1. Which count do you get for residues in segment 1-25 that are modelled with pLDDT under 90 and among the hydrophobic types (A, V, I, L, M, F, W, C)?
2. For the subset of segment 99-115 comprising residues that are assigned to a loop (DSSP other than H, G, I, E, B) and in contact (Cβ under 8 Å) with a residue 40 or more places away in the chain, which member is surrounded by the most Cβ atoms within 10 Å (Cβ to Cβ)?
3. Give segment 32-54 a look and list any residue that's touching a residue at least 12 places away in the same chain (Cβ under 8 Å), under 15 Å from Ala21 (Cα atoms) and part of a loop (DSSP other than H, G, I, E, B), or say none.
4. Is there any pair linking a residue in segment 79-98 that is free of Cβ contacts under 8 Å to residues at least 40 places away in the same chain and surrounded by fewer than 17 Cβ atoms within 10 Å (Cβ to Cβ) to one that is among the hydrophobic types (A, V, I, L, M, F, W, C) and outside any helix (DSSP H, G or I), with Cβ under 7 Å and at least six apart or on different chains, and which?
5. Considering (1) closer than 14 Å to Ser36 by Cβ; (2) free of Cβ contacts under 8 Å to residues at least 12 places away in the same chain; (3) not hydroxyl-bearing (Ser, Thr, Tyr), say which one Gln131 fails and leave the rest.
6. Which condition number in (1) farther than 18 Å from Val196 by Cα; (2) at pLDDT below 95; (3) out of contact with any Asp or Glu (no Cβ under 7 Å at 6 or more places or on another chain) is the one that Leu99 fails?
7. Which residues, taken from segment 17-31, are touching a strand residue (DSSP E or B) at 6+ places or on another chain (Cβ under 7 Å) and part of a helix (DSSP H, G or I)?
Amino acid sequence: MHIEAKELSKIYGQGEGRVTALDRAFLTIAPGDFISIIGPSGSGKSTLLHLLSGLDRPTSGQLTYDGKDIYRLSDKELSAFRRRRIGFIFQQFRLLPVLTARENIMMPLLLDKKQPDEGYLRELAGLLGIQERLTHLPHELSGGQQQRVAIARALIAKPDVIFADEPTGNLDSRSGGEVMELLKTVGKDLGKALVVITHDSRIAAMAQRRLSIVDGVLSEVAG
């Protein structure tokens, strides 16, 4: 799936209270891309991710997935599109505490009234090293294991692109590095585009393409 953002902007407020959170951003994402977007707190990173993934609507500009402007979809259609085509990984693992790891992973399929693909679940669990943890509740897992479950949940519906917002923010440096290596490997093995929002230069350096955002202005980092 080919994703293209053209002059994507998000403005909050009016008059003296007007804030440009994202200023006419251009970005293309191709299948298999591994892109990092780095910037300080308040720079517009999360705003950009929310717009690219259809979680929020822009003030102006266009976002197309395979040539189709997703912001022309109704809210219901856009919600279904996100469930089926986009995977999300957040800093907060957002696992339901009363469900096992397996049940948490399967949640997106259940919401879409789809039958689980047990073979694919086993493949994901093997790639992520959590095959022995699927019957455990979240509080019985380490932070790194919980994030691996969250990654499996993001991938279970076989989306075309994964958006990760500070995915290692709640992990120590060792666990964070392991999770990023796993994300990189899984994305490559399964042919998924991966877009990681981060403030950590070490995490950003792992990507094939690196972008920087400062005061809402997005630019590609050379080299």
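The values are calculated or read from the model by the stated rules, or taken from the named source; none is laboratory data. The shown structure was predicted, so the numbers you read here are calculated from the model rather than taken from an experiment. Using ideal geometry, Cβ is built from the backbone for each residue, glycine included, and neighbour counts are taken over all protein chains shown.
1. 1
2. Restricting attention to segment 99-115, the residues satisfying the condition of being assigned to a loop (DSSP other than H, G, I, E, B) are 99-100, 112-115.
In the following step, the residues that additionally are in contact (Cβ under 8 Å) with a residue 40 or more places away in the chain were identified as 112, 114.
Numbers: Asp112: 11, Lys114: 14.
Among residues in segment 99-115 that are assigned to a loop (DSSP other than H, G, I, E, B) and in contact (Cβ under 8 Å) with a residue 40 or more places away in the chain, the one surrounded by the most Cβ atoms within 10 Å (Cβ to Cβ) is Lys114.
3. Gly39, Pro40, Ser41, Ser43, Gly44
4. Close Cβ pairs (under 7 Å, with a partner that is among the hydrophobic types (A, V, I, L, M, F, W, C) and outside any helix (DSSP H, G or I)) amount to Phe81/Leu73.
5. Here Gln131 meets the rest and fails (1).
6. Here Leu99 clears every test but (2).
7. Result: no residue meets the conditions.
Per-residue answers, yes or no, for (1) in contact with a Gly (Cβ under 8 Å, 6 or more places away or on another chain); (2) without any contact (Cβ under 8 Å) to a residue 40 or more places away in the chain; (3) buried (at least 21 other Cβ atoms within 10 Å of the Cβ); (4) over 30 Å from Lys113 (Cα atoms):
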residue	(1), (2), (3), (4)
Pro138	no, no, no, no
Gln147	no, no, yes, no
Ala154	yes, no, yes, no
Arg174	no, yes, no, yes
Lys184	no, no, no, no
Met206	no, no, no, yes
Asp215	yes, no, no, yes
